[in-house]
Amino acid sequence: DIGTGIPTEPNLHQVAQEVAPTSRVVYADNDPIVLAYAQALLLSTPEGRTAYIHADITDPQGILAAEDLTDTLDLSQPVALSLNAIMHFIANERKPYEIVRQLVEPLASGSYLVLSHGALDPRPGVSDAVTNLYRGSGIHVQGRTHEEIVPFFDGLELVDPGVVMPHRWKPESEQARAEAEAKDLWIFAGVARKP
């Protein structure tokens, strides 16, 4: 899970270990605030394992070479790479597609990429306002269109329904889907399997 953020309940390892207690999860983030709370990410089941590495997504080789990663995960076996709400903070000049490619390349066949990304809002001025708000706080944000988000999954087999707004994945009902549609959530999410 790269771009972990401040621990919440439940954390990714808690969800995974509830289903499979032997799950191993490595968290990576470069935010010093997340580092201060990292101990909360290390509370694993006795059968599983978690680790935290202080690392920057713009250095994928550094992440892949981190001792805590290689001690915790066996990359010769399928793993899931989680890049949720992180890639829209990577400017085009920092080569975001290349970063994802470098992170996926060493993963075994059968591995998964889970990625969500803020999208450009079609309403006039909304995306500009959000961008200006972030950048005014010193945080770069790069909204992308659906067509610009899909290439993050190049070379992988998209899982149905593909790269869509999150509420289209498994709506509880048609009414829940319609209510989510009305909220105008301009986020796209996708899951893909490495062949």
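The values are calculated or read from the model by the stated rules, or taken from the named source; none is laboratory data. Note that the coordinates shown come from a computational prediction; the quantities given were computed from them, not determined experimentally. Cβ atoms come from the backbone with ideal geometry, glycine included; neighbour counts cover every protein chain shown. With ligands, DNA and RNA removed, areas are computed over all heavy atoms of the protein, side chains included. Shrake-Rupley method; radii C 1.70, N 1.55, O 1.52, S 1.80 Å.
Filtering the stretch 46-83 down to residues that are polar (S, T, N, Q) and part of a loop (DSSP other than H, G, I, E, B), which residue is most open to solvent (accessible area, probe 1.4 Å)?
Restricting to residues being polar (S, T, N, Q) and part of a loop (DSSP other than H, G, I, E, B), the top hit is 77.
In the stretch 21-39, what residues are touching a residue at least 24 places away in the same chain (Cβ under 8 Å), open to solvent by 30 Å² or more (accessible area, probe 1.4 Å) and touching an Asp or Glu at 6+ places or on another chain (Cβ under 9 Å)?
Once the filter is applied, which keeps residues that are touching a residue at least 24 places away in the same chain (Cβ under 8 Å), open to solvent by 30 Å² or more (accessible area, probe 1.4 Å) and touching an Asp or Glu at 6+ places or on another chain (Cβ under 9 Å), the stretch 21-39 yields 21, 22, 24, 30.
Report every pair of residues separated by at least 6 positions or lying on different chains whose Cβ atoms are under 8 Å apart, first residue within the stretch 120-139 and among the β-branched types (Val, Ile, Thr), second modelled with pLDDT of 85 or more and part of a loop (DSSP other than H, G, I, E, B).
130/141; 130/143; 131/141; 131/143
Consider the stretch 93-112. How many of its residues are touching a Ser or Thr at 6+ places or on another chain (Cβ under 6 Å) and aliphatic (A, V, I, L, M)?
1
Just the residues that are farther than 17 Å from residue 115 by Cα and either of a type in the set (Lys, Arg) or in a strand (DSSP E or B) (or both), please, taken from the stretch 3-38.
Correct list: 24 only.
If residue 85 passes every condition in (1) in contact with a Gly (Cβ under 8 Å, 6 or more places away or on another chain); (2) more than 25 Å from residue 26 (Cβ to Cβ); (3) not β-branched (Val, Ile, Thr) but one, which one does it miss?
(2)
Does residue 113 satisfy the criteria of being touching a Lys or Arg at 6+ places or on another chain (Cβ under 9 Å) and of a type outside the set (Gly, Ala, Ser)?
Judged against the criteria, residue 113 is a match.
Would you check which residues across the stretch 161-177 are hydrophobic (A, V, I, L, M, F, W, C) and either open to solvent by 60 Å² or more (accessible area, probe 1.4 Å) or at pLDDT below 75 (or both) and list them?
169, 176
If we scan the stretch 149-160, do we find a residue that is open to solvent by less than 80 Å² (accessible area, probe 1.4 Å) and either more than 21 Å from residue 104 (Cβ to Cβ) or of a type in the set (D, E, K, R) (or both)?
no
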